[in-house]
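The structure appears below as structure tokens.
Coordinate-derived values only; no laboratory data. Please read all numbers here as calculations on a predicted model, not as lab measurements. Cβ: placed from backbone, ideal geometry, glycine included. Neighbour counts: every protein chain shown.
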């Protein structure tokens, strides 16, 4: 396998890795947004429930009902706390996916620059060979015309 073929294969692989990293980032962002939406929903429900209980300031409520309300609110706050952890975990995954995408893009860019440099070098080498052949033909014609006259 020639060097240019190996480089083109490496560029193709780097492009696939970059595309995979981009899809992973999109998936991580979607999951993070869903987790955040769920957290917002839980917090909204907790606030709504608390406000519903707060509407009746002078209402007489049995201690058992208050106990169940506080117990329910405690569980709801626990669920909110767990969801905050889930959102944080998703944020870390998004950050890792962003770093992976950046690394894949940098690798692809460096491979493309290397391919461009190799192509430039090959073109310059071809131009030097062409110039050398032209110079040799000119020298040969000069010698032939010098020897012939």
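Quick check on segment 53-61. Is at least one of its residues touching a helix residue (DSSP H, G or I) at 6+ places or on another chain (Cβ under 9 Å), exposed (fewer than 14 other Cβ atoms within 10 Å of the Cβ) and in a helix (DSSP H, G or I)? Within segment 53-61, none of the residues are touching a helix residue (DSSP H, G or I) at 6+ places or on another chain (Cβ under 9 Å), exposed (fewer than 14 other Cβ atoms within 10 Å of the Cβ) and in a helix (DSSP H, G or I). Assess whether residue 78 counts as being surrounded by fewer than 11 Cβ atoms within 10 Å (Cβ to Cβ), part of a helix (DSSP H, G or I) and either at negative phi or touching a residue at least 60 places away in the same chain (Cβ under 8 Å) (or both). Here the answer is yes, as residue 78 does meet what is asked. Looking at segment 83-104, can you tell me whether even one residue there is over 30 Å from residue 25 (Cα atoms), in a helix (DSSP H, G or I) and within 35 Å of the chain's Cα centre (by Cα)? No, segment 83-104 contains no residue that is over 30 Å from residue 25 (Cα atoms), in a helix (DSSP H, G or I) and within 35 Å of the chain's Cα centre (by Cα). Scanning segment 1-37 for residues that are more than 22 Å from the chain's Cα centre (by Cα) and surrounded by 15 or more Cβ atoms within 10 Å (Cβ to Cβ) yields a total of 1. Just one of the listed residues (71, 83, 26, 50) is without any contact (Cβ under 8 Å) to a residue 60 or more places away in the chain, closer than 30 Å to residue 115 by Cα and out of contact with any strand residue (DSSP E or B) (no Cβ under 6 Å at 6 or more places or on another chain), and it is 26.
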